[in-house]
Each structure stands twice: as C-alpha cells, then as structure tokens.
1. Would you please classify the overall shape of region 40-147 from the alpha carbon gyration tensor, given that a ≥ b ≥ c denote the square roots of the eigenvalues, rounded means a/c under 1.5, and beyond that prolate means a/b larger than b/c while oblate covers the rest?
2. What ranking do 258-264, 196-202, 105-111 get when scored by the average of other Cβ atoms within 10 Å per residue, highest first?
3. Region 106-162 to region 176-201: how many Å between their Cα centroids?
4. Distance check, please: which entries in 46/83; 188/242; 14/71 exceed 22 angstrom between their Cα atoms?
5. If R0 is 35 Å, what FRET efficiency do you get for residue 69 and residue 200 from their C-beta distance, rounded to 0.05?
6. Which lysines have a Cα lying under 20 Å from the Cα of residue 226, excluding residues fewer than 8 positions away in the same chain?
7. Of the residues 192, 116, 55, which exhibits the maximal mean-square fluctuation in a Gaussian network model of the chain defined by a 10 Å Cα contact cut-off?
8. Roughly what would the spin-label model give for residue 171 and residue 40, points 7 Å off Cα along C-beta, in nm?
Amino acid sequence: MIVSISGAGGFIGKALTNAFYAKGWSVKPISRESLSMTDEDFRNSKIEGCDMVINLAGANISKRWTKDYKKEILESRVHATRKIVSSILACSQPPKLFISVSGTDIYDSINTHDENSTSFAGNFLGNVCREWETEALKASSKLRVVIPRMGMVLGDGGALDKMYPAFSLGLGAKIGKGNQVISFIHIKDLVNAFIFIIEQESLKGPVNLVSPYPVTNAEFSSTLGKALKQPVFLAIPGKILKLLYGEGSVLLLESHKVLPGKLNSTGFRFNYPTITNALSNLFG
C-alpha cells in the first residue's frame, strides 16, 4: 500500500505515518514546497501510482487572526486541496481513496450534530471548512472521498502541548463560564479511525472523528487537573481572551457538541471514549 500524505510532518501526520509504517505501508510525504511544483511534476512524483492520498495541509489556526493571516488560513487549505484534487483527476491510474480532513468548526455552536446535520456555522471557520470540503469533494467523480471532521485531538502534541505547562504548575483554568462543549478524540483512536475508514469501503463523505462523550470546558479542565494531580480553581474571563485573540477567541469560547454517528453505526470501537479514559492514558 502506497499512501501520499500532505502535512506528514505535523502532529497528526507523524502519528499516521508511524502507524502506516507499522503495517508495512509506504508513505510519500507531500511537503509545502512540493505544492509549488508544476502540475505535471507534482502529479508524477506525489500522486500517480499511490493507492490513497491523505490531505492534512493547513496553516495553524491557534494564532491571532489578522486580515492577512485569515487569508493564509483559507488559502493554505483550499489551494493545497485544489492542487491535490486536480492531480488526482488527471492521473492515468488514480488512487482508490482520498481522505481530506476538515473540522468540527463547520457546525454551529447551538445544536448537537452528527453527519446528517446541516446546521453549519456562519462564522469565518465555518466558511473555511465548507470551502475546504467543497474542493475535496470534487474528486468524488472518480474515487471514494472521505472528509474526517476532527475535534480536539489529544496526544503528545497539539492543544495539550499548550495547556500542559500551566496545568502542571497548578495554574490551569477553565475558560469563560466553562459551559462551552468540547468534542475531543484521543490520538490513538484517531489513528485507528483512519485505518477503519480505509478498510470500510462503505464509508464516504463526512465522518465525525470525535469521542461519543463530549464534555464542557469546566469538566475538561477539572479532569486534566486531576490527571496531573493539580488543583484547577482559576477562570479566564472571555473578555480577556477576546482582547488577546480577537476573532480567533471563538476557538476557546464557542461550543461544538458533535457525535460520531457514522463510526458508531459501522462498529468502530473507541479505546478512550471518555475524557477520563483519554487523559488518564496520556498522563497516568
């Protein structure tokens, strides 16, 4: 099995690459520089002959969103996806599967969502996710396309890397009122879900990659404190976060209550379904 991966050097990309190597699969990384190749060179060197392509490319959203950086967030996702899809469609022997990630930010902060939900967010990130997915789905005329909508991924990297220093010193805090909902997934469950998606040929379109048991920010913060054997008694006012991060504060202040409908209905089993399971494994 030959897998081409954009974003292979990131937190999730490294975890997937290691898992694929363990299965005896070959991995072709798609670097940011390779996306600047001519269409023909890119197709021949990165896409042609692959069994599947996984697209993880995208600028980090955990920064202050200036006008220029919002443009980079959008273009880094849409342009990379467009380049990959164009190459897939031009292949003489196209891959059998294209997995192009998205996020639970596509959903609004009011409702509870499975993959049948059409209650989408009307904010910047919601619009980014919709454009991103639209580009990816253009490949569905020629092969199976899956869009994993990922929640907060918990592991040795990502969001927990930024939280750990404060929480480990007893300076952890809930955000705002703490009632905003977090949909999360342990990195090992995420990797297993990708392999499950690859093997389950009936799965296509959006697939929510989240635990079946979302939690509030207050519950998450309390459980993380317990896992690190540290108290959590502080709270960061939402107004402060809005001053610090501007529009990007929605990442911390808005709810995303999302359920893994398709994974549940097709028999996927989570090893770390609750926040206690997940954090105890990571910090136990």
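1. oblate
2. Values: 258-264: 22.0, 196-202: 14.6, 105-111: 19.0.
Going from most to least packed, we get 258-264, 105-111, 196-202.
3. So the two Cα centres are separated by 12 Å.
4. 188/242; 14/71
5. Calculated value: 0.40.
6. 162, 174, 177
7. Among 192, 116, 55, the largest mean-square fluctuation in the Gaussian network model of the chain belongs to 116.
8. 5.7 nm
Every number here is computed from the coordinates shown, using simple stated rules; none is lab data. Here the structure is a predicted model, which is why all the values come from computation and not from measurement. We place every Cβ from the backbone using ideal geometry, glycine too, and count neighbours over all the protein chains shown.
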